[in-house]
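In what follows, a single structure is set out as structure tokens and then discussed.
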Amino acid sequence: MGSATDSIDDALAAWLVQQRLFFVATAPLAADGHVNVSPKGLDSLRILDARTVAWLDLTGSGAETIAHLRENGRITLMFCAFDGPPRIVRIYGRGESMAPSDPEFAVLRPRFPEYPAARGIVRVRVDRVSQSCGYCVPEFTFVRDRDHLNAWWAEKGEVGAAAFRRKHNRHSIDGLPALDAD
């Protein structure tokens, strides 16, 4: 039923980028800190090579993932098959968040669509990939991507987005530093 490896083969890479939704889990080092799980969607995931994945990080109401990665780098991505054969894939690794000012951001940015909410790219160096059955994951039918996020950020513009990030994305809920000031 279950299997594990240290890399992503071509067949798995093709399956991963077809998934419309994946989840990201991170945690601070402090035992009383908040574990975070975030859903990710839209056309934001890229498989860079057999040991590296990345996604375009879009501005949201918090910055837990960024703060946790800055503190300790630990990250897990989880993908579930909501249609087709049942399957769950977890990617474990060490992640880093790259801001637009990072030179590597400029190298990776052309691989992703233009989204007005883009605040960075998260890159994960894979050290373990596990697969399990997913027999209890329900089947769902994809209807469409929501356009709310892009419309909201397009209306805010760059100045409004920068102000939002300064107010809501500078620290995690546990007070860890996340985004630097714009």
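Structure notes:
- The one condition from (1) in contact with a helix residue (DSSP H, G or I) (Cβ under 8 Å, 6 or more places away or on another chain); (2) surrounded by 20 or more Cβ atoms within 10 Å (Cβ to Cβ) that Leu58 does not meet is (2).
- A search for C-beta distances below 7 Å between a residue of the stretch 7-22 that is without any contact (Cβ under 8 Å) to a residue 40 or more places away in the chain and any residue that is of a type in the set (A, V, I, L, M, F, W, C), counting only pairs 6+ apart in sequence or on different chains, returns Ala13/Ile47; Val17/Leu45; Val17/Ile47.
- Of the numbered criteria (1) surrounded by fewer than 19 Cβ atoms within 10 Å (Cβ to Cβ); (2) outside any strand (DSSP E or B), the one Thr65 fails is (1).
- Single match in Arg111, Arg146, Arg128 (criterion: out of contact with any helix residue (DSSP H, G or I) (no Cβ under 6 Å at 6 or more places or on another chain), at pLDDT below 95 and exposed (fewer than 15 other Cβ atoms within 10 Å of the Cβ)): Arg146
- Residue that is touching a Lys or Arg at 6+ places or on another chain (Cβ under 7 Å) and of a type in the set (Gly, Ala, Ser), where the choices are Gly95, Gly120, Gly157: Gly95
- Scanning the stretch 1-27 for residues that are out of contact with any Gly (no Cβ under 7 Å at 6 or more places or on another chain), assigned to a loop (DSSP other than H, G, I, E, B) and not hydroxyl-bearing (Ser, Thr, Tyr) turns up Met1, Gly2, Asp6, Ile8, Asp9, Gln19.
The values are calculated or read from the model by the stated rules, or taken from the named source; none is laboratory data. Every value quoted in this text rests on a predicted model; they were computed, and no experiment measured them. Quick reminder, even Gly has a Cβ in these numbers, built from the backbone with ideal geometry, and neighbours come from all protein chains shown.
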